[in-house]
Every structure is written in C-alpha cells, then in structure tokens.
Amino acid sequence: MYDRLKEAGAGMAARERGGRPRTRGIAVKRVYERPSSDDGLRVLVDRLWPRGIAKAALKYDAWPRALAPSNELRKWYGHDRSRAAEFRRRYRKELASHHDELVALRAMIGGRPATLLTATRELDLSHAMVLRDVLSGAQPRKRVVKV
C-alpha cells in the first residue's frame, strides 16, 4: 500500500523552500492551486478525491487515505468553527491509531520540502494543518479565548 510513498520519497531531491508558510519544511496548499517548483513532495491528504479534478490531471506523489479523518469525524465536524478545537483533539486521537502510516509518510518526507494537498476551502480549519503539525512533531496548539 505504501510502495508509492517509498518510491516517491526515494526519488525526490532536496529543493529550496519558497515563500509558502511551512512547519519544518511542510506546507499546506489547496489542491486547486497550480503546482510550484518549491512544493517538493506533493501529498494528497483528503479521504475523498477532490471534485472537478481528473485523476490524470493532478500532480501528486502519494495519497495516504488512512491518514485522513474518518467519515464519521469529517461529517460531525463540517468545518464548524465552534467544533474546531474538539475536532483537532479527536483527529489527533485517530492519527495515533495509524502509527505505521505516519512513520511511512515521515520517512518519505525525510526532511525534504513537502506540500500537503487538500480540497478544503478554509485551510486554517483543515485537517491538513493538524496533520502537518503531527508530522513535524509540533505540540497541539492551545487556543486562547479572549473574554
């Protein structure tokens, strides 16, 4: 299942980072944006194929569907801002049960630039941001609520 991950990782050369915000070399980008030379390894992180894009037209190196949120979690969340903190907590818990897949993806990235691709409109509410943080070893973000 992860042969494509290993093959893509082995053949990728290190590239310079561009102006995109990155966490330890991992960027998040909408799948509908044009590929860039600074994308590095391009990983589709959605469970479902993005609408309106032919499979042959999308430039991606891997699609580890097991690392996407479960259908139940995705439907419960619905990108509702009031559920974002709880979504992040539940999604991290789901990711913990996919240790082997996370290890394989980390190994494939191997410190090189990478871009996580998602069809989500609001990247700040996206599971891709949580996955990026998990892959880079970042601690869960604490949300400060001003009263």
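Nothing in this text is a laboratory measurement; each read-out follows from the coordinates by a stated rule. No experiment lies behind these values; they were computed from the predicted model shown. As a convention, Cβ positions derive from the backbone with ideal geometry for all residues, glycine included, and neighbour counts pool all protein chains shown.
Mind checking which pairs have a first residue in segment 53-70 that is closer than 26 Å to HIS99 by Cα and a second that is among the aliphatic types (A, V, I, L, M) and surrounded by fewer than 17 Cβ atoms within 10 Å (Cβ to Cβ), Cβ under 9 Å, 6 or more apart or different chains?
If the second residue must be among the aliphatic types (A, V, I, L, M) and surrounded by fewer than 17 Cβ atoms within 10 Å (Cβ to Cβ), the pairs left are PRO64/MET1; ARG65/LEU48; ALA66/MET1; ALA68/LEU48.
Restricted to segment 78-100, and to residues that are without any contact (Cβ under 8 Å) to a residue 12 or more places away in the chain and outside any loop (DSSP other than H, G, I, E, B), which residue is farthest from HIS127 (Cα to Cα)?
ASP100
Which one of these does LYS59 not meet: (1) under 14 Å from the mean Cα position of the chain (by Cα); (2) not in a helix (DSSP H, G or I)?
(1)
Of the residues ARG112, ARG47, ARG132, ARG121, only one is out of contact with any strand residue (DSSP E or B) (no Cβ under 9 Å at 6 or more places or on another chain) and either assigned to a helix (DSSP H, G or I) or touching a residue at least 12 places away in the same chain (Cβ under 8 Å) (or both); which?
None of the others qualify; the one that does is ARG47.
Taking segment 91-114 on its own, how many of its residues are surrounded by fewer than 19 Cβ atoms within 10 Å (Cβ to Cβ) and more than 14 Å from ALA128 (Cα to Cα)?
Keep residues of segment 91-114 that are surrounded by fewer than 19 Cβ atoms within 10 Å (Cβ to Cβ), which gives 92-94, 96-103, 106-107, 110-112.
Checking the rest, the ones that are also more than 14 Å from ALA128 (Cα to Cα) come to 93, 96-101, 103, 106-107, 110-112.
Selection size over segment 91-114: 13.
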